Every structure is written in structure tokens, then in C-alpha cells.
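The structure appears right after this line, and notes come after that.
The values are calculated or read from the model by the stated rules, or taken from the named source; none is laboratory data. Keep in mind that this is a model prediction, so the values were computed, not measured. Don't worry about glycine lacking a Cβ; one is built from the backbone with ideal geometry, like all the others, and counts go over all protein chains shown.
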Amino acid sequence: MATKKDIVVIPGDGVGTEVMDAALAVLDVVQNKYNYDFTYHQALAGGIATDTVGVPLPDETLDKAKKADAILFGAVGGPKWDNHPPHLRPEQALLGLRKALGLFSNLRPIVLFSGLEDSSSLKAEVIQGVDFVVVRELTGGIYFGEKQRQKDNNGYEYASDVLLYHEHEIERIVRLAFQMAQNRKKQLTSVDKANVLESSRLWRAVVDRVKTDYPDVTVEHMLVDNCAMQLVRRPASFDVIVTENMFGDILSDEAAILTGSIGMLPSASLGEGTLGFYEPVHGSAPDIAGLGIANPTAMILSMAMMLRHSFQDEKAASDVEKAVEKVVHMGYRTQDTKVDSDKTLTTMQFAEKVASLI
Ligand SMILES: NC(=O)C1=CN([C@@H]2O[C@H](COP(=O)(O)OP(=O)(O)OC[C@H]3O[C@@H](n4cnc5c(N)ncnc54)[C@H](O)[C@@H]3O)[C@@H](O)[C@H]2O)C=CC1
Ligand SMILES: CC(C)CC(=O)C(=O)O
Ligand SMILES: [Mg+2]
């Protein structure tokens, strides 16, 4: 009998809708081949939700998400909503979903696919063998701290964002990162700014306390500014990077360059249970939205992460990943990673090629 799964689909804004359509075309093939019975529950979030129902994260979307087996999310945001008040900004929907669903860990694998060496602006010998994962804390830190904007006595504005971490929030993400390292090359890099930030000094102390439970893992502390540099200097030496919310956000976009394009990077956001939230690392890419040229790989690989983490289906997940690798290896590309114009595909054509190889 087919395995039933309820999947909430939130395409969002800009290229979010395009890469979602592409990933669902691949998922339809997965459904038939691996004997699933998927029910797709479409839901609104982001700018489109603000425009349609007046808020970026409608209660109905949150309710659907809470009941789902998994959530596929495209991207939100765009210039149309940049001047909306903070509570009506599309990005608020994403932060709200992460917090409400308790998705404290964001796994961002950074893998260079064979054939894409020339798409990176870095030398092939530097990026050869890049295969690491950024484990980003996702529900704490400066994105969620108290925000203020006021005028001082002279009438000048000032603003603040509080960066706050509780010990237990650090411990749960750090333990997860140690466990991931145990199943990989056993090297953990904990990234902070402990020379300046008190929250980072607490972060470092927690890592040092917890590491005694994982004696087989080598731990290195690295300041975030140095990490930003080492990522382009010796990227292949990293295995698992664990860091707080904002540093992880920034470092993973930087790391996209190692793989050829931000359109290559998937992610999984997980909490305590099996409910998972799967989205590309990139945003809504307003500069290319509507042109049908966005790279759908990040969304397709995020869908593969859903098969692995929420449905515990390693076979289907790795078959999707192998199909993407094969399409890339055959020389097919979207424009962001283009090397041979004869083999340049649209977003949907690329997805159809992947689907045909599963
Ligand atoms: N998870 C989310 O929903 C995120 C939303 N955003 C929002 O997205 C909007 C645009 O933000 P940006 O800073 O421009 O970041 P972005 O990631 O949307 O785009 C940065 C650059 O990468 C390119 N790019 C992104 N995805 C691509 C893909 N799949 N294929 C090919 N090229 C791709 C874009 O064309 C652009 O040149 C903003 O409103 C921002 O707040 C930004 C990051 C994450
Ligand atoms: C709230 C998001 C727009 C933050 C972000 O850029 C991300 O999670 O990658
Ligand atoms: Mg980001």
C-alpha cells in the first residue's frame, strides 16, 4: 500500500513559485516510483499573503503547517514590500514559521558537484573536494531579540537589536552538530565572535563543556571574521561548522560561491520531532523572477532532504541527489552556472531532466 504523507507547499514570492513548481514536478515522479500517496496542501506566506489577506503569515498557514508531515517552502520577499512596516514584511512569515514550529536547527550542506568547478570564481584546486555542512541555530540570536527604534533628546534616531542566547538553546544545536560530525569526518568548527561578544563567550563555554561527551570529535573554535576568510582559502578542510543564527546566514551565502551558485544550496530546518521544513538557502531573487531561468537545484535538493529527514527514505533521497548530479555532469545548466550555451535549460526543463533520470 502507498505511504500517505501530507505536505504543506508554500511557494511564496518571486522565484519561490518557479522553483517550487520545478521541485513538485520531480516529486510527482518520486511519488509514483517509491509508492507514496502525497497530499499537497497549498498555503500562503510572504508578500503574496500580505497582498491577499493582509498579513504575511496567516493563521491558516500556520495551522496547516503544524498538522503536516513536512513543509516545502520557496522564498519570500521583494522590493514591492520593502517599505511595509516590520510586522507586514514578507520575511516576518519565515521567522514566524521557524519560531512557531520550533525549528531550531538549520542544516545547510555545501557540496561541490563534479562539473561545476568552472562555475565558481575560485580556482579549481581550492574548491576541489568541498563537502561540509553549516549547522545554523535558527530560532534565537539577533533575528529574534528585542528591537527598538527611538529618538534621543536631540531628536536623532537610534535603533537596537538584542543578540540573546540561553544556554539550553546553544547546547541543543551544539549537540546536534557534534552528532553530525560523529557521522562524518569527525571535525567540528564552532564559529563565534568570542573576542567581543558576551553571547559568543557563553557559546564557546557551552561547546567546551559539551565536547567531553564526544571525545572522538576534534573541535576547533574560530572567530567569524577568520572563518569568512578560511572559507575561501581552504574550504575543503571543513567538515561541520556550527554557529549562531546571523553568522550562519551570512557564511552559508558566502559558501554558495564554492559550489558555483546560490541556486545549488538546499536546507532542512528541524526541531525535536520529525516535522521538517525544507527550503533553498537563496531568497526570492527579484532580479530574475518571472524569467523562468532560476536554478531549481536548491529546491529539488531541499525536497530530497525532506525524503531523508522527515520520511526516513534514504533510497529515494539519494536517488534524487544522484539524478541532479548526473544532469549537471551531463553538462546541462541553468544560466547561473552556464558553461555551454547548447545545454542551457530553463527552470522547468532542468527539473524535467532530473525527473527523467530518477
Ligand atoms: N528564505 C527566504 O525566503 C529569503 C528571502 N530573502 C528575501 O529575498 C529578497 C531578495 O534578496 P537578495 O538579497 O537579492 O537575495 P537572493 O538570494 O534572492 O538573490 C541574491 C542573488 O542570487 C541570485 N539567485 C538567487 N536564487 C537563485 C536561483 N535559484 N538561481 C539563480 N540565481 C539565483 C539572484 O538572482 C541574485 O542575483 C529580499 O526581499 C530578501 O529579504 C533573502 C534570503 C532568504
Ligand atoms: C528571514 C530570512 C530572510 C533570513 C535569511 O536570509 C535566511 O534564513 O537565509
Ligand atoms: Mg539568508
Filtering region 49-73 down to residues that are polar (S, T, N, Q) and surrounded by 13 or more Cβ atoms within 10 Å (Cβ to Cβ) yields T50, T61
Top-ranked residue in region 231-253 [being in a helix (DSSP H, G or I) and buried (at least 18 other Cβ atoms within 10 Å of the Cβ); ranked as nearest to ligand 3 (Cβ to nearest atom)]
D249
crowded, with 24+ Cβ neighbours inside 10 Å, at pLDDT 95 or above, within 13 Å of ligand 2 (Cβ to nearest atom) and within 20 Å of V174 (Cα to Cα): which single residue out of S284, S269 fits that description?
S269
Looking at (1) more than 16 Å from ligand 3 (Cβ to nearest atom); (2) part of a strand (DSSP E or B), find the lone condition where G74 falls short.
(1)
If the Cβ limit is 6 Å and pairs must be 6+ apart or interchain, which residue in region 271-297 that is under 14 Å from A75 (Cα atoms) pairs with which residue that is charged (D, E, K, R) and more than 6 Å from ligand 1 (Cβ to nearest atom)?
V281/R108; S284/D13; A294/E18
Number of positions in region 83-103 that are farther than 16 Å from M306 by Cα, assigned to a loop (DSSP other than H, G, I, E, B) and more than 16 Å from ligand 3 (Cβ to nearest atom)
4
Any residue at all in region 306-315 that's hydrophobic (A, V, I, L, M, F, W, C), closer than 19 Å to V111 by Cα, within 16 Å of ligand 2 (Cβ to nearest atom) and buried (at least 23 other Cβ atoms within 10 Å of the Cβ)?
no
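Any chance you could count how many residues in region 89-121 are surrounded by fewer than 16 Cβ atoms within 10 Å (Cβ to Cβ) and either out of contact with any Leu (no Cβ under 7 Å at 6 or more places or on another chain) or outside the structural domain of V55 (by TED's automatic domain parsing) (or both)?
Of the residues in that region, 5 qualify.
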How many of the residues in region 104-126 are under 30 Å from E272 (Cβ atoms) and outside any loop (DSSP other than H, G, I, E, B)?
7
In region 218-229, how many are surrounded by 15 or more Cβ atoms within 10 Å (Cβ to Cβ) and in a helix (DSSP H, G or I)?
3
Please go through (1) of a type outside the set (S, T, Y); (2) under 29 Å from K123 (Cα atoms); (3) within 16 Å of ligand 1 (Cβ to nearest atom) for D161 and return the number of the only condition it doesn't satisfy.
(2)
Give region 34-54 a look and list any residue that's over 12 Å from I10 (Cβ atoms) and among the hydroxyl-bearing types (S, T, Y), or say none.
Y34, Y36, T39, T50, T52
Tell me, please, whether a residue that is modelled with pLDDT under 95, touching a Gly at 6+ places or on another chain (Cβ under 7 Å) and buried (at least 20 other Cβ atoms within 10 Å of the Cβ) can be found in region 162-169.
no
Residue count, region 266-300 (criterion: more than 10 Å from ligand 1 (Cβ to nearest atom) and in a helix (DSSP H, G or I)):
1
Report yes if M303 is over 21 Å from V130 (Cα atoms), within 16 Å of ligand 3 (Cβ to nearest atom), assigned to a helix (DSSP H, G or I) and out of contact with any Ser or Thr (no Cβ under 9 Å at 6 or more places or on another chain), otherwise no.
no
